[in-house]
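The values are calculated or read from the model by the stated rules, or taken from the named source; none is laboratory data. What you see is a predicted model, and the numbers here were worked out from it, not measured in a lab. Cβ: placed from backbone, ideal geometry, glycine included. Neighbour counts: every protein chain shown. Accessible surface is based on the protein model in full, side chains and every heavy atom, while ligands, DNA and RNA are left aside. Shrake-Rupley method; radii C 1.70, N 1.55, O 1.52, S 1.80 Å.
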Amino acid sequence: MGTLRALFNIRFLFTSPHGTAAPTAGGQPPPFQLRLFGARNWTWKGLRLCLTGSSSDARSTTTTATIMDEARAPAEKANPSTSSAVLPPTTTTTAATTPGGSGSDVQGALPLRHGHELPFVAPSSYLRPKAATRAMAEKASSPLDKEQMQGLRGIREFLKVRTSYDVLPLSFRLVVLDNDLLIKKSLNILIQNGIVSAPLWDSRNSTFAGLLTSTDYINVIQYYCQFPDEIDQVDQFRLSNLRDIEKAIGVLPLETVSVHPMRPLYEACRRMLKTRARRIPLVDTDDETGRETVVSVITQYRILKFIAVNNEQHTMLLKKPLKELNLGSYTNLATATMSNSVLDVIHLMVKHNISAVPIVDQEYKLLNLFEAVDVIPCIKGGAYDELSATVGDAISKRAEDFAGIYTCSEEDRLDSIFDTIRKSRVHRLIVIDDDSRLKGIISLSDVLKYVLLFGEEDDSIRA
Ligand code: AMP
């Protein structure tokens with residue numbers, strides 16, 4: 001496949017992440033370079049599209065970030081405090097030697113092996129309140145509740161006056177895949193670029209064609225399981241066949257949602273919650289051609305990080321302990337053990353419509369976490385038959401810079417969770433007790449939902 005084929009200059013509004021969009025000094029929008037890689041004879045096969053920004057604003061030359069890479073990128077190297085929060089592997093629990101386990105959906109356990117003992121990361125304990133008696137908590141509940149609501153209202157107001165565009169770094173790269181690309185090849189492109197999703201582009205109609213995520217690969221795996229004789233056909237599937245795959249396996253197609261980058265961030269958040277999308281593409285219309293343009297993709301993580309970094313005066317008011325917030329899931333948790341196959345865990349994720357499964361031993365102590373994005377390297381090169389490998393094996397092949405698993409206790413507070421999000425690349429927190437036993441799971445969608453919707457009726461009454 002060829003490499004560079006074209007270099008364009010496109011017009012673009014430029015904005016600081018902390019302000020509204022505005023042309024740069026002198027009133028001229030800065031040049032953005034749109035670079036197309038991998039196009040073959042202009043058929044856009046295996047298209048890799050890099051959108052890089054530059055402007056007269058000195059800050060833009062110092063910041064480079066990858067918008068698409070949200071879940072599996074290296075821990076933020078710019079923030080040494082993240083790695084210092086990682087506990088050594090010796091803090092993980094001892095291996096289970098007998099099968100079975102309380103509450104585990106998938107039974108069976110193996111001794112803990114080298115590579116399985118990945119580190120846990122806990123929110124900053126210095127922010128954790130000292131254990132309070134129930135009487136003390138009740139006595140203080142009223143001011144605490146008021147302060148909590150004040151914090152939530154402040155964050156909501158902030159989301160209403162900021163746009164989705166504000167969340168984007170000053171300079172970024174965007175990988176867009178042509179809908180005609182073979183699914184097998186798309187996997188390699190994601191892995192090579194260290195990303196876990198990409199917008200799809202229909203080059204025949206010049207339209208945005210949806211977002212490729214790990215859920216699509218899980219659908220292909222389900223198709224393979226239901227029609228094992230069609231492995232040759234599976235190999236020939238293109239990204240444009242993903243909708244046919246959904247129909248064949250009987251899953252509802254994901255709603256193709258997008259938002260305009262200049263709409264309030266609050267709108268993107270509401271749309272994400274409504275559709276259960278964990279990421280949402282920002283789609284604009286080109287003034288000259290009238291065609292759709294995918295500007296970038298924003299994720300729940302990116303939004304919560306934006307709040308954590310820019311709205312600390314309100315996140316610091318969220319001081320109620322998690323156990324009083326009903327935030328996250330604490331019952332019917334889907335879990336697995338190290339000896340379960342990757343396929344078992346994938347079926348579990350599909351059944352519960354979740355993106356991560358905690359891995360526990362027979363005492364229900366947390367050992368690790370298998371995430372939907374972990375599926376991508378497992379099927380690299382179309383190796384669907386390797387899905388019978390154990391979760392333990394799959395996890396041991398993770399990149400060395402894997403950020404670790406983030407844990408918290410029910411005594412933790414949302415302010416310390418935002419503090420962790422501010423410093424680290426967190427996608428979910430596993431709630432454990434003092435003995436590392438699994439208590440619950442808090443995903444970013446839980447946090448976003450709470451931040452946007454808790455007490456909303458009260459809010460609208462006051463408004
Ligand atoms: P997520 O898939 O991480 O966006 O989570 C979607 C919802 O499922 C959230 O309310 C989570 O609290 C919940 N959830 C996530 N993982 C699990 C799990 N392993 N078992 C039960 N519920 C979960």
Residue-normalised accessible area of the range 321-409, expressed per residue, 1.4 Å probe, Å²: 37
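What trypsin sites (Lys or Arg not before Pro) does the range 179-261 have in DSSP loop regions with at most 13 other beta carbons within 10 Å?
Numbers: sites: LYS184, LYS185, ARG204, ARG238, ARG243, LYS247; in loops: ARG204.
The qualifying sites are ARG204.
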The range 179-253 - accessible surface per residue (Å², probe 1.4 Å): 43
Label-point gap, in nm, between ARG437 and VAL309 - each point 7 angstrom along Cα→Cβ: 4.0
Fully extended contour minus Cα-Cα distance, from THR275 to LYS380, at 0.36 nm per residue: 34.9 nm
Of LYS397/LYS449; LYS320/LYS397; LYS160/LYS185; LYS351/LYS449, those spanning more than 31 Å from alpha-carbon to alpha-carbon: LYS397/LYS449; LYS320/LYS397; LYS160/LYS185
Accessible surface of the range 180-304, 1.4 Å probe, proportion on carbon and sulfur as whole %: 45
Heavy atoms of ILE354: accessible area, 1.4 Å probe, square angstrom to 10: 60
Inter-label distance for ALA248 and ASP232, nm, one decimal - labels placed 7 Å from Cα along Cα-to-Cβ: 1.4
Karplus (6.51, -1.76, 1.60) ³J(HN,Hα), θ = phi - 60°, over the range 364-378, in Hz, Gly and Pro reported as x: 6, 8, 6, 10, 5, 8, 10, 10, 4, 5, 5, 5, 4, x, 5
